[in-house]
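So the structure is just underneath, and the comments pick up after that.
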Amino acid sequence: MNRYLEILLESLKGFDPRYLYRNPVMFVTEFALILSIIVTIFPSAFDLSVSFSYKQFYEAVVVLLFLTILFSNISSAISEGKSRTITNSLRKLQKETTARLLSGTEITEVPSSKLKRGDIVLVKSGDTIPIDGEIIEGSGYVNESSMTGESRPSRKILGDSVTGSTTLVTDEIKVKVTNNPGETFLDKMISIVENAKRERTPNEIALSVFLSGITLVFLIITAALFTLSRYVGVTPDIMILIVLLIALIPTTIGGLLPAIGVAAVNKISEYNVIAKSGKSVENAGDIDTIILDKTGTVTMGEREAVKFYPNRGVDYNEFVTTCSMISLQDQTKEGMSIVKLAQRDNINLTLNDVAGYEFVPFSAETKFSGLVRGGDEILKGAFRALENKFNISDKYVEGLCKEISIRGGTALTVVKNGEFSGVIELNDLLKPGIKQRLEGLKKMNIKTIMCTGDDETTAAFIARESGIDEYVANVTPIDKYNVVIKEKEQQRMVAMVGDGTNDAPALAKADVGMAMNSGTPAAKEAANMVDLDNDPTKLMDVIFLGKQILITRGALTTFSIANDIAKYFVIIPAMFTVFSQLNYLNILGLQNPVVAITSALIFNTFILLALVPMALKGVRYRPSSISDLLKRNVMIYGLGGVLLPFIMIKIIYSAMIATGVVW
């Protein structure tokens with residue numbers, strides 16, 4: 001179906017009162033439309049003139065009221081049309097594939113739709129991963145371009161999550177299914193986008209209540225004018241009172257408000273971020289504190305081993321061999337870089353060299369990894385973690401760690417048989433442009449807190465170099481949660497990024513929690529946003545976008561109310577030309593009250609259409625303080641909202657008089 005025809009049909013469906021009742025301003029407008037149609041068909045029943053010119057006036061009012069509601073519905077239909085486009089693109093990613101189901105040593109080929117949570121499937125190079133799961137054996141590069149748009153495959157290792165419909169391009173992996181069909185990540189994302197358009201945010205609800213109150217006030221005023229007119233012996237024209245009511249109530253913001261809410265979720269999807277509700281996007285605009293991980297957010301996140309420092313009395317080659325041994329099975333970037341650095345020193349080990357050892361993977365709680373065989377332990381990790389585990393101390397090694405930290409590097413200490421063997425230096429670089437982005441957050445009075453597992457010296461160096469306000473060193477997952485709680489106790493809105501199961505409590509507690517698509521199911525479930533590109537710095541983009549949406553809503557509200565105030569000075573004096581006391585308010589000198597009111601209604605109708613692009617695209621936003629934003633809003637949208645109606649209504653009025661329209 002033609003896109004424009006689809007928008008038109010959706011707009012016409014929006015006239016159904018079952019939809020419109022949620023928007024009180026437009027609901028009253030539709031009631032006025034129905035009443036005006038009745039008045040037009042049966043004018044004599046309301047003691048109205050049945051002359052040809054007045055018939056034209058009544059018909060014009062019906063058309064303009066119809067267009068007012070239509071233009072409001074069009075803005076919503078365009079927004080919801082974009083939501084459907086996003087949903088359709090996500091649906092196209094869902095593929096029914098054949099999966100190799102493992103049962104012991106047997107392999108059975110089954111449709112991916114028959115898989116269930118707990119099943120184990122074998123995925124070979126070139127295969128489409130049949131369903132969401134976790135790698136339990138093997139590693140390889142996965143092409144996630146269908147999800148992220150990034151053409152470069154990403155390496156997936158033991159314990160990593162993989163998403164259904166992506167493609168394994170190298171090697172072979174075994175995947176444990178983590179979701180039943182219909183509960184996959186894609187299914188949840190489709191459901192989120194579909195339901196987003198029906199969900200109203202707290203600020204939107206509050207604004208709707210405010211607009212409802214204003215509408216009720218003007219309903220009462222219009223009814224009072226009807227009574228007052230009869231009291232002074234003037235026969236009121238009910239059609240003029242209908243036009244007066246519609247011109248006075250805030251139809252501009254009332255008509256655009258639903259579209260702004262849906263546009264928020266659509267705009268954030270353009271960043272390849274899926275928001276689970278409009279509320280989370282709105283919360284992003286109110287953020288006071290942002291909690292950032294150092295690795296991957298502030299720095300490049302690609303720490304590489306650059307130098308080995310053996311302890312006093314330890315042979316250099318022996319130390320390098322030890323470092324290579326404990327890193328052979330370590331599939332992290334740091335572990336692989338240590339093996340490569342050792343190979344430059346002609347230390348080339350294989351898995352046979354660590355036969356009989358059990359590999360201990362790194363965890364955020366222990367902060368070390370390594371090999372264990374019987375009572376022998378060879379571990380690498382944070383200095384304090386190993387110092388506390390073995391209850392040992394070494395001033396020389398501690399000095400090496402501090403020296404590396406002062407340079408902004410990361411010190412990885414090695415312990416063999418209960419003694420420090422030496423230190424491995426890892427280096428990471430600040431992300432390009434991170435200083436400027438953090439400066440933008442400061443202009444918005446947003447506090448930045450960096451959490452890192454590095455020691456105090458490294459954390460202080462990175463914070464100082466990047467412009468971070470506060471930092472928490474030697475952090476554990478519970479520390480992140482405590483930072484969130486501490487900030488919220490100070491009545492601050494908090495945003496954070498996470499990807500691990502241990503991040504889930506903090507993500508759930510934060511006002512804006514953004515999980516990485518590569519993160520664990522628990523993290524993605526706890527967060528209220530998911531970044532498909534796995535880029536932690538996107539959180540800053542989300543905050544800027546949230547600010548833009550709030551500013552857009554504020555600008556349109558300011559413009560709408562200023563508009564209404566200006567229209568009062570145009571319409572009321574023109575209506576009551578019989579009262580000479582009001583002549584001083586007739587600034588524009590509009591002598592024909594019916595034409596004046598019609599001019600106001602024409603302006604009221606078409607300004608709504610003119611503002612639809614702004615409602616959907618948003619007001620241009622630059623990082624600045626709240627006071628600066630308020631001044632800008634008042635000057636541009638407040639003053640503009642007052643002046644524009646005077647100018648346009650006068651032009652419309654003059655054009656109507658010039659063309660002989662004198663109802």
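Starting from residues that are touching a residue at least 60 places away in the same chain (Cβ under 8 Å) and part of a helix (DSSP H, G or I), keep the ones in the range 427-437 and report whichever is surrounded by the fewest Cβ atoms within 10 Å (Cβ to Cβ).
The selected residue is Arg437.
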Original post:
Just a yes or no: is a residue in the range 77-92 free of Cβ contacts under 8 Å to residues at least 60 places away in the same chain, among the small types (Gly, Ala, Ser) and within 30 Å of Lys617 (Cβ to Cβ)?
Top reply: yes
Original post:
Within the range 246-263, can one find any residue that is under 23 Å from the mean Cα position of the chain (by Cα) and open to solvent by 30 Å² or more (accessible area, probe 1.4 Å)?
Top reply: yes
**OP:** Filter the range 303-325 down to residues that are within 45 Å of the chain's Cα centre (by Cα) and assigned to a helix (DSSP H, G or I) and give me whichever is nearest to Gly422 (Cα to Cα).
**Re:** Cys323
Original post:
From the set of residues in the range 352-367 that are touching a residue at least 24 places away in the same chain (Cβ under 8 Å) and within 45 Å of the chain's Cα centre (by Cα), which is farthest from Val475 (Cα to Cα)?
Top reply: Phe359
Original post:
With (1) under 25 Å from Lys435 (Cα atoms); (2) at pLDDT 90 or above; (3) touching a helix residue (DSSP H, G or I) at 6+ places or on another chain (Cβ under 9 Å) as the list, and Val530 as the residue in question, which single condition is left unmet?
Top reply: (2)
Subject >> The one condition in (1) open to solvent by 20 Å² or more (accessible area, probe 1.4 Å); (2) of a type in the set (S, T, N, Q); (3) touching a residue at least 60 places away in the same chain (Cβ under 8 Å); (4) over 30 Å from Leu158 (Cα atoms) that Asn534 fails to fulfil >> reply: (4)
**OP:** For the range 287-315, name all the residues that are among the charged types (D, E, K, R) and either over 28 Å from Ala459 (Cβ atoms) or in contact with a Pro (Cβ under 7 Å, 6 or more places away or on another chain) (or both).
**Re:** Asp293, Asp315
Subject >> Subset of the range 128-163 (residues that are assigned to a loop (DSSP other than H, G, I, E, B), at pLDDT 85 or above and not aliphatic (A, V, I, L, M)) >> reply: Pro130, Asp132
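Taking Arg312 as the residue in question, decide whether it is free of Cβ contacts under 8 Å to residues at least 40 places away in the same chain and over 30 Å from Lys538 (Cα atoms).
Taking the combined requirement at face value, the residue does not satisfy it.
Having 2 or more residues that are farther than 26 Å from Ile238 by Cα and in the same structural domain as Phe218 (by TED's automatic domain parsing) is the bar; report the helices (runs of 4 or more DSSP H) wholly within the range 1-84 that clear it.
Numbers: elements: 3-13, 17-20, 24-41.
Of the helices (runs of 4 or more DSSP H) lying wholly inside the range 1-84, those with at least 2 residues that are farther than 26 Å from Ile238 by Cα and in the same structural domain as Phe218 (by TED's automatic domain parsing) span 3-13, 17-20.
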**OP:** Inspect all residues belonging to the range 405-426 and state whether any of them is open to solvent by 50 Å² or more (accessible area, probe 1.4 Å), over 21 Å from Leu371 (Cα atoms) and not assigned by TED's automatic domain parsing to the domain that holds Met496.
**Re:** yes
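Which ones in the range 1-16 are in contact with a Gly (Cβ under 9 Å, 6 or more places away or on another chain) and surrounded by 15 or more Cβ atoms within 10 Å (Cβ to Cβ)?
Step one: of the range 1-16, the residues in contact with a Gly (Cβ under 9 Å, 6 or more places away or on another chain) are 3, 6-7, 10.
Residues satisfying the conditions are Ile7, Glu10.
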Original post:
For the subset of the range 444-484 comprising residues that are surrounded by fewer than 22 Cβ atoms within 10 Å (Cβ to Cβ) and basic (Lys, Arg), which member is farthest from Val298 (Cα to Cα)?
Top reply: Lys447
Original post:
Any idea which residue in the range 20-50 is surrounded by the fewest Cβ atoms within 10 Å (Cβ to Cβ), counting only those that are closer than 16 Å to Leu241 by Cα, β-branched (Val, Ile, Thr) and more than 42 Å from the chain's Cα centre (by Cα)?
Top reply: Ile38
**OP:** Run Gly278 past the list (1) open to solvent by 50 Å² or more (accessible area, probe 1.4 Å); (2) outside the structural domain of Tyr568 (by TED's automatic domain parsing) and report the number of the one that doesn't hold.
**Re:** (1)
Original post:
Can you name the number of the only condition in (1) within 25 Å of Ser627 (Cα to Cα); (2) surrounded by fewer than 18 Cβ atoms within 10 Å (Cβ to Cβ) that Ala495 fails?
Top reply: (2)
Subject >> Hits in the range 327-351 - residues which are within 41 Å of the chain's Cα centre (by Cα) and part of a loop (DSSP other than H, G, I, E, B) >> reply: Ser327, Leu328, Gln329, Asp330, Gln331, Thr332
**OP:** Tell me, please, whether a residue that is surrounded by fewer than 16 Cβ atoms within 10 Å (Cβ to Cβ), charged (D, E, K, R) and within 30 Å of Ile260 (Cβ to Cβ) can be found in the range 90-113.
**Re:** yes
Original post:
Does Ile543 count as modelled with pLDDT under 85 and surrounded by 22 or more Cβ atoms within 10 Å (Cβ to Cβ)?
Top reply: no
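The values are calculated or read from the model by the stated rules, or taken from the named source; none is laboratory data. Just so we're clear, the structure is a prediction, and the values are computed from it rather than from any experiment. Virtual Cβ from ideal backbone geometry, glycine too; neighbours counted across all protein chains shown. Please note that ligands, DNA and RNA were not included when accessible areas were found on the heavy atoms of the full protein model with its side chains. Shrake-Rupley method; radii C 1.70, N 1.55, O 1.52, S 1.80 Å.
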